[in-house]
Amino acid sequence: MNRYVLVCVIGGEVLNFHKEIRSDVCYKFNKRPQKLPAHFTIKAPFETDKIDEMIKVLDEFSKDRKKAPIKIDGFGKFREDVVYMNIKLSDEAKKVHDELIDELLKISWIEFKPNEGKNKIFHCTIVSRRIRDKFKEIWEYVNQYECNFESYFDNISLYKWNNNTWELYKKYEL
């Protein structure tokens with residue numbers, strides 16, 4: 001069984017901003033960084049030995065879909081466990097996302113938890129590992145920054161867990 005995660009990598013100035021703020025926060029507050037570049041999650045980590053089924057669905061899906069706009073607007077948090085950049089999908093991006101979820105649900109072994117799927121909170125995590133002890137300081141620190149970008153839901157990226165990190169396995173451009 002191999003472990004995978006399905007995401008949309010957010011590129012351009014968002015990628016650079018995310019890398020900088022993540023590095024600053026992790027260094028300043030002695031926290032461990034996540035092992036993926038700036039992204040929003042489409043399907044949280046899962047295990048399978050039948051990835052070819054998903055690849056077939058993604059190959060078909062990505063053929064006739066176009067990139068769609070998203071906005072990155074300010075910061076958010078889940079309890080005192082996660083600090084993230086807010087992501088707002090345009091109507092077009094939400095439609096593409098929801099159609100993708102519908103297609104993925106046709107794969108017999110795929111399951112979506114309640115916080116996944118169509119009605120999740122779209123976000124790009126800055127820091128999430130054992131941060132409660134420094135949560136307030138981290139929250140105040142990130143909120144000094146201006147976080148307002150326009151980007152695109154323009155890829156579906158499948159990563160595989162290998163050698164204690166996520167490695168890009170296959171990328172589909174929209």
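Among the numbered conditions (1) buried (at least 17 other Cβ atoms within 10 Å of the Cβ); (2) among the basic types (Lys, Arg); (3) modelled with pLDDT of 95 or more, the only one that Lys71 does not meet is (1). For region 1-23, residues that are within 15 Å of Asn143 (Cα to Cα) and in contact (Cβ under 8 Å) with a residue 60 or more places away in the chain total 4.
Being surrounded by 15 or more Cβ atoms within 10 Å (Cβ to Cβ), within 17 Å of the chain's Cα centre (by Cα) and over 18 Å from Glu150 (Cβ atoms) narrows it down to one of Val96, Val82, so name that one. Outline the logic, then answer.
Values: Val96 fails: over 18 Å from Glu150 (Cβ atoms).
Exactly one of Val96, Val82 is surrounded by 15 or more Cβ atoms within 10 Å (Cβ to Cβ), within 17 Å of the chain's Cα centre (by Cα) and over 18 Å from Glu150 (Cβ atoms), namely Val82.
So which residues in region 43-71 are part of a strand (DSSP E or B), of a type in the set (D, E, K, R) and closer than 20 Å to Leu168 by Cβ, if there are any at all? Passing the criteria: Lys43, Glu47.
Right, Leu174: farther than 19 Å from Ala38 by Cβ and surrounded by 13 or more Cβ atoms within 10 Å (Cβ to Cβ) or not? Reasoning before the result, please.
Details: farther than 19 Å from Ala38 by Cβ: no; surrounded by 13 or more Cβ atoms within 10 Å (Cβ to Cβ): yes.
Answer is no for this residue.
Hey, among Lys113, Lys118, Lys77, which residue is among the charged types (D, E, K, R), under 30 Å from Trp139 (Cα atoms) and touching an Asp or Glu at 6+ places or on another chain (Cβ under 6 Å)? Among Lys113, Lys118, Lys77, only Lys118 is among the charged types (D, E, K, R), under 30 Å from Trp139 (Cα atoms) and touching an Asp or Glu at 6+ places or on another chain (Cβ under 6 Å). Candidates in region 122-158 are the residues that are closer than 24 Å to Ala93 by Cα and in a loop (DSSP other than H, G, I, E, B); of these, the one that is nearest to the chain's Cα centre (by Cα) is Phe122. Of everything listed in (1) surrounded by 14 or more Cβ atoms within 10 Å (Cβ to Cβ); (2) basic (Lys, Arg); (3) closer than 17 Å to Tyr4 by Cβ, the single unmet condition for Arg65 is (3). Scanning region 15-51 for residues that are among the aliphatic types (A, V, I, L, M) and more than 12 Å from Ile126 (Cα to Cα), we see that the one that is surrounded by the fewest Cβ atoms within 10 Å (Cβ to Cβ) is Ala44.
Counting only residues that are within 17 Å of Pro33 (Cβ to Cβ) and either of a type in the set (Ser, Thr, Tyr) or part of a strand (DSSP E or B) (or both), region 76-90 holds 4 of them.
The values are calculated or read from the model by the stated rules, or taken from the named source; none is laboratory data. Quantities reported herein were computed from a predicted structural model and do not represent experimental measurements. For neighbour counting, all protein chains shown are included, and Cβ atoms are generated from backbone atoms with ideal geometry for every residue, glycine included.
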